[in-house]
Structures are given as structure tokens and as C-alpha cells.
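The values are calculated or read from the model by the stated rules, or taken from the named source; none is laboratory data. Note that this is a predicted model, so its numbers are computed, not measured. Here the Cβ positions follow ideal geometry from the backbone for every residue, glycine too, while neighbour counts run over all protein chains shown.
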Amino acid sequence: SCINIAKKAAARAAVDRHVKSGNIIGIGSGSTVVFAVERLAERVSKEALKVKCVPTSFQARQLVIQHNLPLTDLEIHPELDICIDGADEVDSQMNLIKGGGGCLLQEKIVASCSKKLVIIADYTKDSQKLGDQYKKGIPIEVSPIAFVPIQNRIQKLYGGKVELRMAVNKAGPVITDSGNFILDWREFNQDINWNEINTELLLMPGIVDTGLFIQMASISYFGLADGSFKSRE
Ligand code: DER
């Protein structure tokens, strides 16, 4: 599909331009990073690259293991050279909205330990990942006991709608890899200062982290349906 062609183009550009032998690499979560891990495995076998991978989720860990890539973690390698991850939106200031796949907490932790965060995303007419739409809402990871008071407080303070993310193939809410719930905050008034909001949200007891990655990304690669890509930094 043209979306996968676009994802693959972004993923290959990131891996080919930024990964070198000896790198400790953060592996993001979601569908686009699958193409990055495939390209990484290709390069490791073709060029005998020496790399080690720190996963950002159970999904990412399975991906690394399935591609026979060396696995490590933040206890052994607390400083990474690069983290390659997807995003739901990249705005004009290179701030990210992440968490569409519910992995934002470990993604943000691993990204914060990396010298460089490289974002890969598809840029097709129906993916709408670039620009200041904030259409998909902001995911917020919360402690399960606190989700109702936090829902009420966000709606009261900032407006919009805050919904508990329900699972599809399991009864009840999505439970993250860290055992928390995800709230999706939508329909807020557009022109708010995301940096300020993010700081205020992180001060709320019970909020573990947000899907707002403010000024963390170094460069973003957007793949196009024709297999080409463009980058933003
Ligand atoms: O959950 C996440 O943050 C993922 O990285 C997500 O934002 C990107 O997933 P995709 O590559 O499947 O669009």
C-alpha cells in the first residue's frame, strides 16, 4: 500500500543516514519502526554492523528479538547514541504528539536518554501527521486509581473531552506496558501553549506522562507514497 511505501522510505532514510557501527539504538514502537528494524537487520547482516538495541515497549522488544538484533537496556546502557521512533503528529515547531500506540512512557524515557531522537512517519494525504491540527488528540498516561479526578480536572481547566482508552480485543481499558491507563484528550481549543500545558499536566498527581514530546526531536523523516522522502529539522 502507498502508506507502507511511505513508511518504508522514511524508515530506510533514518537508518541509512544515522546508524553506524557501535551505536546503542533506542527502538520505538508502532508500525513505522517495523520498517526501520527490518532495514537495521539488513545492514547488520550486510555490513556486519555492531549495534545494540534498547526497546521502548513489549512490541519493540519482540521486534528486536525476531530480527536477531542484540538486545540491551537502560541499566547496562543509560546513554544511547540515537533513538528511532514514530509519531502521530509533528507540528511546525517540531513538537511531537505520540502515544497513538499507548507506548509513550517508555518511548519518552528512552528518547530522553538518547543523544538524537530521529522521527519517522508517513506523509500521505490521509495520514495527516505534519502540521498543527492536533486532530488525534493528546494521549496522557495515568495511574489507574486517578483517571476520573484527572479527567474532570483537565476538562474543567482546559476544556475539551477526556476519554479513557478502551481495549479492542480485551474487555475494559487499555493497560500499558507499565500497568497504567491512557486518557485521550480531544476537542480542546486549538491555540494553547503546549509547552506550558505539558508542564502543568506533569505536575498533576496521577499523571505519569503525556504524549507531548516538546523540543525532543532532532530530525524528522517523512516518507511519500512514491517512495521518496523529505526531512525536517
Ligand atoms: O505510540 C506511539 O508513540 C507510536 O510511535 C505512534 O505514535 C506512531 O505509530 P505509527 O508508526 O504506527 O503511526
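Strands (runs of 3 or more DSSP E) fully within the stretch 169-233 that include at least 2 residues being surrounded by 14 or more Cβ atoms within 10 Å (Cβ to Cβ) and of a type in the set (A, V, I, L, M, F, W, C): 181-186, 207-210, 219-223. Here residue 65 clears all of (1) assigned to a loop (DSSP other than H, G, I, E, B); (2) modelled with pLDDT of 95 or more; (3) away from the ligand (no atom under 15 Å from the Cβ); (4) touching a strand residue (DSSP E or B) at 6+ places or on another chain (Cβ under 9 Å) except the condition numbered (1). Scanning the stretch 73-95 for residues that are near the ligand (Cβ under 8 Å from one of its atoms) and either surrounded by fewer than 24 Cβ atoms within 10 Å (Cβ to Cβ) or hydrophobic (A, V, I, L, M, F, W, C) (or both) gives 87, 88. Every condition in (1) within 12 Å of the ligand (Cβ to nearest atom); (2) of a type in the set (Ser, Thr, Tyr); (3) without any contact (Cβ under 8 Å) to a residue 40 or more places away in the chain is met by residue 158 except one, and the failing one is (1).
Would you mind stating whether residue 125 is part of a loop (DSSP other than H, G, I, E, B), within 16 Å of the ligand (Cβ to nearest atom), at pLDDT below 95 and more than 16 Å from the chain's Cα centre (by Cα)? Considered against the rule, which asks whether it is part of a loop (DSSP other than H, G, I, E, B), within 16 Å of the ligand (Cβ to nearest atom), at pLDDT below 95 and more than 16 Å from the chain's Cα centre (by Cα), residue 125 comes out as yes.
Of all residues assigned to the stretch 161-176, none qualifies as being more than 24 Å from residue 29 (Cα to Cα) and out of contact with any helix residue (DSSP H, G or I) (no Cβ under 9 Å at 6 or more places or on another chain). As a summary of the residue check, residue 117 satisfies the conditions (1) within 14 Å of the ligand (Cβ to nearest atom); (2) of a type outside the set (D, E, K, R); (3) more than 25 Å from residue 23 (Cα to Cα) except for the one numbered (3).
Residue 144 passes every criterion in (1) surrounded by 14 or more Cβ atoms within 10 Å (Cβ to Cβ); (2) at pLDDT 95 or above apart from (1).
Select, from 122, 91, the only residue that is in contact with a helix residue (DSSP H, G or I) (Cβ under 7 Å, 6 or more places away or on another chain) and under 23 Å from residue 223 (Cβ atoms).
Numbers: 91 fails: in contact with a helix residue (DSSP H, G or I) (Cβ under 7 Å, 6 or more places away or on another chain).
It is 122.
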